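Below is one structure, written out as structure tokens; comments come after it.
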Amino acid sequence: MTIRTNGELTRELKGQGGARFCPCDFHVHSPASHDVAARSDLNDLEKDRLKPFLGTSPKDWAKHQREVLTAFPPAEYLSYLTKRRDEVVAKLGIGEYNRWAVLAITDHNICTYAVQLARAAWDERKQNKLIVLPGIELDVVFPIPAAEDAAIHMLCIFSPCVDSSDIRKAICDASSADWKEGNESLTVTNLQEFVNNLRHHTHYPSMVIAAHVWSRKGVQNEVKRLLT
């Protein structure tokens, strides 16, 4: 069954019975995120597949994503994530009955790699016991009463098997802007309204989480500084 909406996901999970606790990480960058190839802590597989991009800072994030999709296919990255999940489960001593894990792929301002990875994970979920949620880390700029703009990184996480066009539609509908994948930022006139619209989108509602702002102060301290 292809799952594209939250309602379909809920119906699919009904009847599973009982509460389950499993490892979750909702802020994972795939190899396609523009900043990954510049990291110093890549494993050997990542270094090999991303060799052409190491140390680079691409200007065109959408083009970079297309190139990484070829260099490091999502199916291969899924195998790596499954092995990594097994390592974490073994380290934490989690029983076999609870080996399920949930990841959300939230790359900077792109989502196609996340969508393809999530679809592959959903198709193999019974074997891998790994659910990948497609998402995006949006750079959102919004006005505040202090007559200047604030900027935050916002995680938007969707149901398995949505398309990248579905994510784009949800963002465009919620912001009333013509946002395109790979844009460096999204400017909205009212942050609260945008978040509310995205969370309650008719067809593709999203979990919306403030990741951090463009500083080391954190969301609360940074916004307080700007407001005062």
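The values are calculated or read from the model by the stated rules, or taken from the named source; none is laboratory data. Note that the coordinates shown come from a computational prediction; the quantities given were computed from them, not determined experimentally. Neighbour counts are summed over all protein chains in view; Cβ atoms, including those assigned to glycine, are modelled from backbone coordinates with ideal geometry. Surface accessibility is based on the protein's heavy atoms, side chains included, excluding ligands, DNA and RNA. Shrake-Rupley method; radii C 1.70, N 1.55, O 1.52, S 1.80 Å.
At a probe radius of 1.4 Å, what is the per-residue accessible area of Y80, in Å² to the nearest 10?
Here the accessible area works out near 60 Å².
Taking only protein heavy atoms and a 1.4 Å probe, what accessible area per residue, in Å², does segment 103-186 have with all protein chains in place?
Averaged over the residues of segment 103-186, the accessible area is 33 Å².
Measure off 7 Å from each Cα along the Cα-to-Cβ vector at K47 and S185, then give the distance between these two points in nanometres to one decimal.
The answer from the label model is 3.6 nm.
With a Förster radius of 25 Å, plug the Cβ-Cβ distance of A71 and C172 into 1/(1 + (r/R0)^6) and report the FRET value to the nearest 0.05.
0.25
Mind listing the long-range amide H neighbours of L133? Cut-off is under 5 Å, sequence gap 5 or more, other chains count too, H placed in the peptide plane at 1.01 Å from N.
Distant-sequence amide H within range of L133: L103, A104, I105.
Placing unit charges on C-beta atoms (Lys and Arg positive, Asp and Glu negative, everything else neutral), compute the dipole magnitude of segment 15-173 about its Cα centre in debye, rounded to 20.
Charge dipole of segment 15-173: 540 debye, to the nearest 20.
How much area per residue is accessible in segment 46-92 when the probe is 1.4 Å and only protein heavy atoms are counted (Å²)?
I get 61 Å² per residue for this part.
As a test question: what accessible area, to the nearest 10 Å², does R168 have when a 1.4 Å probe is rolled over all protein chains in place?
The accessible area comes out at roughly 80 Å².
For segment 165-208, rounded, prolate or oblate, judged on the Cα gyration tensor with a ≥ b ≥ c (square roots of eigenvalues), a/c < 1.5 rounded, else prolate if a/b > b/c?
oblate
What does the charge count around L103 come to, taking other residues whose C-beta lies under 9 Å from its C-beta (Lys +1, Arg +1, Asp -1, Glu -1)?
Local charge sum for L103: 0.
Can you give the local net charge around R49? Use residues other than it whose beta-carbon is closer than 14 angstrom to its beta-carbon, Lys and Arg +1, Asp and Glu -1.
-2
Amide H neighbours of A150 under 5 Å, at least 5 residues apart or on other chains, H built in the peptide plane: list them.
Long-range HN contacts for A150: F142, I144.
On a C-alpha basis, how far is the centre of segment 44-70 from the centre of segment 122-162 in Å? Whole number, if you could?
Going from one Cα centre to the other spans 21 Å.
If you count only protein heavy atoms and use a 1.4 Å probe, how large is the accessible surface of S159, to the nearest 10 Å²?
10
Among the listed pairs K91/K129; K51/K83; K129/K180; K63/K129, which are separated by more than 25 Å between their Cα atoms?
K129/K180; K63/K129
Heavy atoms only, probe 1.4 Å: what % of the accessible area of segment 48-154 goes to carbon and sulfur, would you let me know?
Of the solvent-accessible surface of segment 48-154, carbon and sulfur hold 53 percent.
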